[in-house]
Amino acid sequence: MKSLYIICTSILTLSFCLYSHAESDLGSLGLLSDDQTKSPIPKGIIIGGAAISSQARYNESSNDNLIVPGALYFGDNLMFLGDRARYYFNKNDDVAFFAYGRYRFSNLNPSDAGFNGMHKRKGELEAGLGLTWITHYALLTTRIVSDVTGHSNGQELLVWADFPIVWDQLLVMPGVGAVVRSDKLANYYFGGVSSSESSSDRNSWDTGTTISPMASVVTSYRFSSHWIGMFAANYEYYDKGIADSPLVQHNGEWLFITGIGYSW
């Protein structure tokens, strides 16, 4: 049901262009999907909805509490999650290599209150490569992506470990990791203020390259052959370069999602 998680996050972002949502990696769910009727992560299309509560990244923005629709797809090699996708071009019992693409949505608009004089942060298409080591106890993922549209011209490296526990139709999956963002990407989307954007009440700010630890837990339950329920929680603890930005001024982002979906 992480499937529902990702799709809802992406659909919600597409529909509302949120200023914030925690950014854990959900892709390893694709390696857990199965055709069995009791599998908590079924293959195929899942259509549903979710209640999402997330903390605003910027101190001038409001926290988000939304109910949104969504859909996503888990295939043998392709996993499509609304605003991002993975394609496994080589995988076996020990390791899976994948191509990764994502559309990162804009998250700052100078027409909104509190951002007068700022430059708009446009959305960008990101592409990259990654791999997941498959062990008996964990799925260990590393991926790197880069902006390919010339907006931030930045890069992001994620290292992540998921620890899936499956009891029949129930999945409980804690996860932990860290994301490294280049100075260009962090400044563009995570609190940078250029000299031309500074003002008497907003100092210029360079985030520098940032490293932020994250943790999550995802649960999924297969009520029947078609109906699936889920709950997910995620927290990112900001690097000081982000947390101390005049635009941010807090220590991190939390995200909670409760959803239900129909699979066929």
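Bear in mind these aren't lab numbers, they're just calculated from the coordinates by the rules spelled out. Since we're looking at a predicted model, the values are computed, not measured. Here the Cβ is made from the backbone with ideal geometry for all residues, glycine too, and neighbour counts use every protein chain on show.
Considering only Cα-Cα distances, which of the following residue pairs are longer than 31 Å: LYS43/LYS184; LYS120/LYS240; LYS91/LYS122? Cα-Cα > 31 Å for LYS43/LYS184; LYS91/LYS122; rest within.
For GLY123, neighbours were defined as the other residues whose beta-carbon sits under 13 Å from its Cβ, and their charges (Lys and Arg +1, Asp and Glu -1) total +2. Measure nothing but the geometry: give the 0 to 90° angle between the long axis through the Cα atoms of 2-16 and the longest principal axis through the Cα atoms of the chain, rounded to 10°. So the inclination is approximately 30 degrees. Remark on the chain: Rg and Dmax equal 18.3, 61 Å (Cα only). Averaging over all projection directions, the Cα-based convex hull of region 115-198 occupies 7.6 nm² in the image plane. One decimal place: the segment ILE134-ALA51 gains 26.7 nm when fully extended, by the rule 0.36 nm per residue minus the C-alpha distance. For region 80-158, the spherically averaged projection of the C-alpha convex hull amounts to 6.8 nm². If eta is 1.002 mPa s and T is 20 °C, what Stokes-Einstein diffusion coefficient results for region 154-264, Kirkwood Rh from Cα pairs, in µm²/s? In µm²/s, the coefficient is 133. Dividing the summed -39500 (n - 2.57) terms of all DSSP H runs of n ≥ 4 by the residue count of the chain sets its mean residue ellipticity at 222 nm at -2500 deg cm²/dmol. For the pair region 236-255 / region 75-91, the C-alpha centres are spaced 31 Å from each other.
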